[in-house]
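The values are calculated or read from the model by the stated rules, or taken from the named source; none is laboratory data. Not measured: the values here are computed from a predicted model. No Cβ is skipped: glycine too gets one built from the backbone with ideal geometry, and neighbour counts run over all protein chains shown. To get the accessible areas, we keep the full protein, side chains included, count just its heavy atoms, and leave off ligands, DNA and RNA. Shrake-Rupley method; radii C 1.70, N 1.55, O 1.52, S 1.80 Å.
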Amino acid sequence: MRSAALSCEDTLDMFIEHKAKPTHPLRLLQKDSLMASIKSHVWTFTTFALAVQELARELPPRVTLRQLLTFALIVEEVSMGRDVTIAEIRKKAGSDKLGEELLGQSIGRSYQLFLKPTKKEPDALGWAYVEENEDDRREKFLRLTPEGEAVAIKIASYLKSPKPKDKP
């Protein structure tokens, strides 16, 4: 007889692919589980997953979450018509739960992924560029290229997808 605990054969992939055996008394499917409390947010997670999936198609395989955060913050500021600097992105990202800056010293590697490809960064995406402030050359603004805007609009369309109507 099989135990109630999940075996090593019962992986997350099996649940995603609907291959798990339905006879398991899975705690995550019980009414009193945490899963039951998040079920009402399924469309939020669906749209989030679609947006992340679309980004995964566009991004090189080794992109970090912090690099993705950097792009999202650049897009946010640019979409509001604001000039955004590297220092502002770093500040806006804030700190982690230990009080360390999320984009501390890694900010250079984070935003450079989105600039034009170079010998040093051959996998760079060309979604952004740096423009000097004409009034203060020490200040540099991050801007989106047409390719970066297209990716941002594609992601926004996934996030704004209308919630499907419940079937009667």
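Stick to the Cα atoms of the range 97-153, pair each with every other, and give me the Kirkwood hydrodynamic radius in Å at one decimal. Result for the range 97-153, one decimal place: 12.8 Å. 3J(HN,Hα) along the range 88-105: 5, 5, 4, 5, 5, 5, x, 10, 7, 5, 9, x, 7, 4, 4, 10, x, 5 Hz, from the Karplus curve 6.51 cos²θ - 1.76 cosθ + 1.60 with θ = phi - 60°, whole Hz, x for Gly and Pro.
With 13 Å as the cut-off, how large is the P(r) tail for the range 50-113, expressed as percent of Cα-Cα pairs?
Working: 1279 of 2016 pairs.
Considering the range 50-113, 63 percent of its Cα-Cα pairs are separated by more than 13 Å.
Segment residue 105..residue 118, full-extension length gain: 2.6 nm, with 0.36 nm per residue of separation and the alpha-carbon distance subtracted. A Förster distance of 30 Å, applied to the separation of the beta-carbon atoms of residue 64 and residue 135, puts the FRET efficiency at 0.35.
Just to confirm the filter: which trypsin sites (Lys or Arg not before Pro) across the range 63-168 are DSSP coil and have at most 13 other Cβ within 10 angstrom of their Cβ? Walk me through the numbers on the way to the answer.
Details: sites: 66, 82, 90, 91, 92, 97, 109, 119, 120, 137, 138, 140, 143, 154, 160, 165; in loops: 82, 97, 119, 120, 160, 165.
Taking the range 63-168 and a limit of 13 other Cβ atoms within 10 Å, the loop trypsin sites (Lys or Arg not before Pro) found are 82, 97, 119, 120, 160, 165.
If each residue of separation counts as 0.36 nm, what is the full-extension length gain between residue 159 and residue 76 once their alpha-carbon separation is subtracted?
Values: separation 83, 0.36 × 83 = 29.88 nm, distance 1.37 nm.
28.5 nm is the gain from fully extending residue 159 to residue 76.
Put simply, the Cα atoms of the range 39-83 extend 39, 27, 15 Å along their principal axes, the longest span coming first.
Ordered from largest to smallest accessible area (heavy atoms of protein chains, 1.4 Å probe), the residues 98, 159, 50 come out as 98, 159, 50.
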